[in-house]
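What follows is calculated from the coordinates using simple rules that are stated; it is not laboratory data. Because the structure is a prediction, the values reported are computed rather than measured. Quick reminder, even Gly has a Cβ in these numbers, built from the backbone with ideal geometry, and neighbours come from all protein chains shown.
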């Protein structure tokens, strides 16, 4: 069975990628296993921060923010009858997604791209483009 890592951030482009994956379900002989992930940048570690913000508060923050990013994608997949496991990861997005795909034996990474064009990617950077450069599994970019 094919395993697909679907990376989302709650954006319109991410949901478009989810729609594309659902719309192309007929590409697969059997329904793929979907690993739905979102990546949260780590909160900067400041001196004495742990005196004010505890570990459980920080974990709750990541969970709430992550759930919000995953909600619409999870709903679309479930409505289409596509089962998925969802995870909230913390780290640098492209690097964390690529590592997770390897760790969990994913065959493909699917991610939406904001489609800013070459100049926008140079100036602003792009998680999707960086991921396409570093991933050791195929990456499907949906624009």
Exercise. Which angle from 0 to 90°, rounded to the nearest 10, does the C-alpha axis of helix 12-23 make with the longest principal axis of the chain?
Worked result: 30
Exercise. Taking R0 as 30 Å, what's the FRET efficiency between residue 68 and residue 2 from their Cβ-Cβ distance, rounded to 0.05?
Worked result: 0.60
For this session: Please give the FRET efficiency for residue 27 paired with residue 104, using the beta carbon to beta carbon distance and R0 = 25 Å, rounded to the nearest 0.05.
Result: 0.75
Exercise. How far, in degrees from 0 to 90, does helix 55-79 lean away from the longest principal axis of the Cα atoms of the chain, to the nearest 10?
Worked result: 20
Seminar exercise, completed: Residues 20, 56 in order from fewest to most other beta-carbon atoms within 10 Å are 56, 20
